[in-house]
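A.B. asks: Here's a structure for you.
The values are calculated or read from the model by the stated rules, or taken from the named source; none is laboratory data. Since we're looking at a predicted model, the values are computed, not measured. Cβ: placed from backbone, ideal geometry, glycine included. Neighbour counts: every protein chain shown. Note: areas computed on protein heavy atoms with side chains; ligands, DNA, RNA excluded. Shrake-Rupley method; radii C 1.70, N 1.55, O 1.52, S 1.80 Å.
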Amino acid sequence: MPQSSATLMMGKARRGILAAPARRPEAGPGHRILILHRRLDELSVLVSLLGAAGYDVQCQRIDASEVSPPADMVPDLLLVQPGTGPGHVVSIPSILMPTEAELAAGGPGMAAYDDILVRPLRPAEVLARVAAILRRLPGRVAARPKAAGQPRPELPDRLVFEAELALRLGMTVPLQAPPGAVLVITLDRIREINTVFGYPAGDVALAEAARRLQACLSPAELIARIGTDTFALALDRIAGPAEAAARGDEMVRRLQTVRSEAGEVLPLGVVAGISLFPADAREPEGLLRRASHALQEARNAGSGQVRLFRPDGQPLQRRVRLSRDLHHAVRRNALTLHYQPQIMLRTGAICGVEALLRWTHPQFGAVPPASFIPLAAEAGLMCAIGRNTLSVACAQAARWQRAGYRPMRMAVNLSPHEFYSESLVQDVATILREADLEPHWLELEITEAMPLDDLAGAIRIMGELKRIGVSLAVDDFGTGWSSLAYLRHFPLDRLKIDRSFTRDVTRAADAAAITRTVIALSGNLDVACLAEGIEDPEQLEWLRSQGCSEGQGYLISRPMAADDVTRLLDLQHGRAAATAGLPAPSG
């Protein structure tokens with residue numbers, strides 16, 4: 001996506017070819033015109049003609065020594081000599097300038113242009129045709145980005161982003177651009193911020209996000225706002241997937257939270273998808289489409305995630321097959337549960353397990369939850385899956401107790417579909433009774449990603465669940481609607497710190513500050529605090545030092561089948577935590 005050393009030819013008019021214009025065209029001055037040419041005799045006079053009429057004119061001579069069109073210009077109109085490129089770049093209007101012989105020869109590309117001017121050119125006709133096309137483009141100048149290095153009061157939109165990216169990729173000329181990447185990044189919590197704190201707070205958050213993203217870019221790189229809460233960026237001279245992912249991770253980290261005018265921390269729920277040029281696509285639309293596919297994978301994986309486009313990333317045929325087979329799996333109870341131990345950080349003792357769904361497909365093997373849970377939600381299967389999960393998990397918890405193991409809590413996630421189901425409370429009570437499990441050993445987890453449009457209804461449901469004796473936890477805390485205004489009304493027993501904060505507590509000051517605040521908040525609210533995603537000893541020691549009481553993660557144990565948990569309980573029963581392969585308590 002390089003910049004060019006294009007020569008701007010502003011010579012004097014050659015007598016007898018073009019004469020000076022008699023008047024300024026009706027289209028407003030300031031429109032930008034790019035001329036693509038090889039050895040057009042009329043070029044210098046054409047530039048003088050249009051420049052005198054008030055247009056901002058640049059030209060690009062196409063020969064073996066040139067690199068690319070001007071990289072800091074998105075034109076409103078292209079004037080194209082045959083053989084210098086397709087002319088049409090996304091939606092940029094274009095005029096072809098053939099000779100009579102070239103026009104007579106024709107060709108399939110002629111229809112791609114908005115108009116044709118036959119050489120030799122006549123001044124009045126040139127000005128009239130140019131003005132006629134530009135009159136059909138009201139507002140385009142206002143939407144166009146400024147040159148690199150100048151302040152940008154408003155970001156360009158998707159149309160302008162595609163146009164400028166096309167020019168940088170050499171789409172108008174048969175040239176090669178160096179490797180690059182397109183990153184699409186979205187702020188999934190903006191709508192929640194608008195609902196909870198008001199639209200001005202959402203606007204402030206968007207403006208701050210745009211400012212931080214621009215600070216991550218070099219002057220030659222591009223940024224645009226392509227949706228209500230979505231940005232697109234073109235990254236220059238990316239060496240490969242690792243560098244692209246690293247830059248994506250850095251941007252996502254910088255956008256985790258913003259502060260409201262009142263000083264309240266607002267999580268943005270950032271996810272990003274990346275496509276690479278030329279490996280994934282060679283044109284802007286394809287790069288954006290593939291980056292958007294990767295974005296969806298990141299969204300399925302959870303807040304704070306970045307994903308690169310994968311050509312084999314669940315194509316349509318596989319997705320349809322999985323969706324169909326998921327119905328059969330639910331009917332046959334073919335989904336299984338694994339359990340991830342949760343420990344007391346000071347002692348290493350297991351205090352609970354979280355039930356996690358697994359699906360092994362007969363053809364595709366292990367299908368990750370990030371792939372099949374969205375399919376289940378689309379198919380309306382979440383309530384059926386949730387009831388079966390709850391039944392199996394409660395029965396397993398009761399089975400461990402009857403075998404003589406120390407009682408521990410069983411944590412089960414509730415999807416929004418289950419939470420707002422009219423039969424939720426009755427289903428939970430029935431399942432507990434059938435499993436012969438005391439209600440306080442069941443903990444139901446609700447995620448901050450859950451929509452809370454009906455706040456009164458959510459409080460009522462939580463109250464009814466508490467009345468039958470179950471515990472309530474907030475999963476992914478810090479990534480959604482966390483606010484004292486909500487928490488003071490919710491009868492919660494536990495806050496679970498999201499893994500995106502745990503991951504960075506020892507290397508990012510903002511993640512450490514947020515995690516420290518959540519730990520203190522849990523103490524002030526008299527609720528337990530559990531850190532998710534503990535993966536290295538430094539994170540564990542930091543959490544212990546800050547007073548976090550509980551944790552789970554790969555450092556402690558991966559999710560495992562019930563029989564493996566039983567063997568782990570056998571090892572730990574009556575022994576020191578280190579004997580069970582758990583982190584030994586400090587001090």
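A.B. asks: Provide the per-residue ³J(HN,Hα) series for segment 511-528, in order, calculated from phi with Karplus coefficients 6.51, -1.76, 1.60 and θ = phi - 60°, each as a whole number of Hz, with x at glycine and proline positions.
C.D. replies: My calculation for segment 511-528 gives 5, 5, 5, 5, 4, 4, 5, 5, 4, 5, 4, 4, x, 5, 8, 6, 10, 6 Hz in order.
A.B. asks: Let me ask something else about it. What whole number of Å gives the distance from the Cα centroid of segment 257-272 to the Cα centroid of segment 487-549?
C.D. replies: 17
A.B. asks: Turning to a different aspect of this structure: Bins of 5 Å, beginning at zero and ending with the bin holding the largest distance: percent of Cα pairs per bin for segment 304-385, please.
C.D. replies: 3, 12, 21, 20, 14, 12, 9, 6, 3, 1
A.B. asks: Provide the gained length on full extension for the span Arg346 to Arg211, in nm with one decimal, where the gain is 0.36 nm per separating residue minus the Cα-Cα distance. Don't skip to the end; give the middle numbers.
C.D. replies: Details: separation 135, 0.36 × 135 = 48.60 nm, distance 4.18 nm.
Gain in length upon complete extension: 44.4 nm.
A.B. asks: So, in nm, how far is label Ala520 from label Ala52 when the simple model puts each one 7 Å beyond its Cα toward the Cβ?
C.D. replies: 7.2
A.B. asks: So how much slack lies between Gln363 and Ala456, counting 0.36 nm per residue of separation and subtracting their Cα-Cα distance, in nm? Show your work: numbers first, answer last.
C.D. replies: Numbers: separation 93, 0.36 × 93 = 33.48 nm, distance 4.52 nm.
In short, 29.0 nm is gained.
A.B. asks: At 25 °C and 0.890 mPa s, what whole-number value in µm²/s does Stokes-Einstein give for the translational diffusion of segment 351-394, with Rh from the Kirkwood sum over Cα pairs?
C.D. replies: Working: Rh = 11.6 Å.
This corresponds to a translational diffusion coefficient of 211 µm²/s.
A.B. asks: Same structure again: Taking θ = phi - 60°, what integer Hz values does the Karplus form 6.51 cos²θ - 1.76 cosθ + 1.60 yield along segment 413-428, in sequence order, with x for Gly and Pro?
C.D. replies: Residue by residue, segment 413-428 yields 6, 10, 7, x, 4, 5, 4, 8, 5, 5, 9, 4, 4, 5, 4, 4 Hz.
A.B. asks: Hey, can you rank 272-283, 411-422 by average C-beta count inside 10 Å, highest first? Please report the intermediate quantities before stating the final value.
C.D. replies: Numbers: 272-283: 21.0, 411-422: 19.2.
Listed from highest to lowest mean packing, they are 272-283, 411-422.
A.B. asks: Accessible area of segment 185-242 with a 1.4 Å probe: how many percent of it is carbon plus sulfur?
C.D. replies: The value for segment 185-242 is 56 percent carbon and sulfur by accessible area.
A.B. asks: Continuing with the same structure: Order these peptides, 203-213, 181-191, by their mean beta-carbon neighbour count within 10 angstrom, highest first.
C.D. replies: Listed from highest to lowest mean packing, they are 181-191, 203-213.
A.B. asks: What FRET efficiency comes out for the pair Ala395/Ala128, r = Cβ-Cβ distance, R0 = 60 Å, nearest 0.05?
C.D. replies: Values: r = 82 Å, r/R0 = 1.36.
The formula returns an efficiency of 0.15 here.
A.B. asks: If I model a spin label at Ala239 and Arg259 as a point 7 Å from the Cα along the Cα→Cβ vector, what separation in nanometres do I get?
C.D. replies: Spacing of the two 7 Å Cα→Cβ label points: 3.6 nm.
A.B. asks: Given H placed on each backbone N at 1.01 Å, which residues far from Ser94 in sequence or on other chains put an amide H within less than 5 Å of it?
C.D. replies: Amide H neighbours of Ser94: Leu78, Asp114, Asp115.
A.B. asks: Long-range amide H contacts for Arg409: which residues qualify at under 5 Å (H placed 1.01 Å from N, peptide plane, sequence gap of 5 or more or a different chain)?
C.D. replies: Under 5 Å from the amide H of Arg409 lie the amide H atoms of Gly352, Val353, each far enough along the sequence or on another chain.
A.B. asks: How long is the gain from Arg433 to Arg321 if the chain were fully straight, where each residue apart is worth 0.36 nm and the alpha carbon distance is subtracted? Mind dumping the intermediate values first?
C.D. replies: Working: separation 112, 0.36 × 112 = 40.32 nm, distance 3.71 nm.
The Arg433-Arg321 span can extend by a further 36.6 nm.
A.B. asks: Still on this structure, please answer the following. Mind listing the long-range amide H neighbours of Ile33? Cut-off is under 5 Å, sequence gap 5 or more, other chains count too, H placed in the peptide plane at 1.01 Å from N.
C.D. replies: Asp56, Val57, Gln58, Asp76
A.B. asks: What number comes out for the charge environment of Ile95, summing +1 per Lys or Arg and -1 per Asp or Glu over other residues with Cβ under 10 Å away? Walk me through the numbers before you get to the answer.
C.D. replies: Values: positive: Arg129; negative: Asp114, Asp115.
Cβ neighbours under 10 Å give a net charge of -1.
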